[in-house]
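Before anything else, here's the structure in question.
The values are calculated or read from the model by the stated rules, or taken from the named source; none is laboratory data. Every value quoted in this text rests on a predicted model; they were computed, and no experiment measured them. With ideal geometry, Cβ positions are generated from the backbone for all residues, glycine too; neighbour counts draw on all protein chains shown. The accessibility values were calculated without ligands, DNA or RNA, using every heavy atom of the protein model including side chains. Shrake-Rupley method; radii C 1.70, N 1.55, O 1.52, S 1.80 Å.
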Amino acid sequence: MRANRKLWATAAICLSVVAGVTGCGKGDDKAADPFAGLSADDIAKKAVETTKAATSVHMQGSGKEDGKETTVDVTVDGKGSCKGSMSTAGEGKAEMVGTGGDLYIKGDDAFWTASTGGEDASAEGPDFGQLLQGRWMKSPAEAGESKDSDNFCDLKTIFADMEKETKTSGLTRGEDADVDGAQAVVLTGKGDKDGESTTLYVARDSAKPYILRVVTTGGDDPGTVTLKDYDKPVTVEAPPADQVMDMEQLMKEALKG
């Protein structure tokens with residue numbers, strides 16, 4: 001599952017964002033610019049650093065990944081708690097819950113078929129969708145620490161990928177925009193050789209200039225990611241034990257077949 005890495009390059013539609021409210025002027029007076037004297041690049045760098053320091057975030061994205069429509073919706077904090085879902089056209093949908101270092105995954109048949117190598121592989125090996133029958137598969141803490149893990153519940157990794165994917169140079173500041181009731185500074189980069197360009201929407205707040213939205217157009221993976229509920233507590237509960245199958249149980253069931 002590559003949800004973390006792809007959160008910054010998914011979606012072709014705009015989703016709503018709730019973020020910190022900035023100050024407003026009275027009457028027709030315009031509020032003072034919280035970024036006066038800063039270049040577009042400086043604002044972007046400040047936004048990235050501020051966002052990286054957040055203790056939690058709710059991220060939503062929808063768009064194309066490898067040519068397929070993909071959606072991701074995840075809430076995650078810095079303590080390893082997370083909950084969300086992801087889906088890809090033709091490859092199914094899965095819900096995910098992470099708590100106490102364990103990751104629980106509940107996918108539909110199409111998800112498990114795609115995750116285990118496709119229909120050809122499923123014909124030769126166990127049918128995980130059938131074995132689980134709507135239950136959650138538990139991936140233990142030690143598996144989550146693997147270097148091959150996508151770290152779905154690792155906020156630091158998510159933000160590290162964000163920083164890597166987000167351009168902070170060669171940007172131009174445009175007209176401010178309203179992002180679902182929150183004022184945002186709009187920073188747009190020039191298109192690269194593949195025609196891909198990125199626009200950042202940054203909260204118009206000098207104290208907490210969080211990134212509210214990232215829009216990528218052109219290129220192979222156009223899309224939009226929105227972010228909200230920064231620093232809010234994330235409450236997660238593990239699925240009921242009778243709805244969970246761990247890896248050992250799953251393999252025993254597979255061997256029976």
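Which residue is nearest to D231 (Cα to Cα), if the candidates are limited to region 159-187 and must be open to solvent by 40 Å² or more (accessible area, probe 1.4 Å) and polar (S, T, N, Q)?
Residue satisfying both the conditions and the ranking: Q183.
Kindly indicate the residue of region 184-198 that is more than 21 Å from the chain's Cα centre (by Cα) and charged (D, E, K, R) and also modelled with the highest pLDDT among those meeting that condition.
K190
On the given criteria, is G78 under 18 Å from D154 (Cα atoms) and open to solvent by less than 30 Å² (accessible area, probe 1.4 Å)?
no
Can you pull out every residue in region 53-78 that is more than 17 Å from L227 (Cα to Cα) and small (G, A, S)?
Hit for region 53-78 is G67, nothing else.
V57 - would you say it is on the phi < 0 side of the Ramachandran plot, assigned to a strand (DSSP E or B), at pLDDT 90 or above and in contact with a helix residue (DSSP H, G or I) (Cβ under 7 Å, 6 or more places away or on another chain)?
On the way: on the phi < 0 side of the Ramachandran plot: yes; assigned to a strand (DSSP E or B): yes; at pLDDT 90 or above: yes; in contact with a helix residue (DSSP H, G or I) (Cβ under 7 Å, 6 or more places away or on another chain): no.
No: the conditions fail for V57.
Return the pair list, or none, for Cβ contacts closer than 6 Å from residues in region 226-249 that are more than 17 Å from G100 (Cα to Cα) to residues that are of a type in the set (K, R), at least 6 apart or on different chains.
T226/R213; Q243/R135
Working only within region 57-75, note down all residues that are in contact with a Pro (Cβ under 7 Å, 6 or more places away or on another chain) and open to solvent by less than 30 Å² (accessible area, probe 1.4 Å).
Answer for region 57-75, where residues must be in contact with a Pro (Cβ under 7 Å, 6 or more places away or on another chain) and open to solvent by less than 30 Å² (accessible area, probe 1.4 Å): just G63.
Could you tell me which of the residues K190, K208 is of a type in the set (D, E, K, R), over 16 Å from K52 (Cα atoms) and open to solvent by 20 Å² or more (accessible area, probe 1.4 Å)? Quick ask: steps written out before the conclusion?
Details: K208 fails: over 16 Å from K52 (Cα atoms).
Among K190, K208, only K190 is of a type in the set (D, E, K, R), over 16 Å from K52 (Cα atoms) and open to solvent by 20 Å² or more (accessible area, probe 1.4 Å).
A further question on this structure: Within region 13-31, identify whether any single residue is modelled with pLDDT of 80 or more and either among the aliphatic types (A, V, I, L, M) or open to solvent by 80 Å² or more (accessible area, probe 1.4 Å) (or both), and answer yes or no.
no
Next question, about the same structure. Please name all residue pairs, on different chains or six or more residues apart, with Cβ atoms under 8 Å, provided the first residue is in region 29-52 and is closer than 25 Å to D231 by Cβ and the second residue is open to solvent by less than 30 Å² (accessible area, probe 1.4 Å) and assigned to a helix (DSSP H, G or I).
F35/I43; V48/M162; T51/F159; T51/M162; K52/F159; K52/M162
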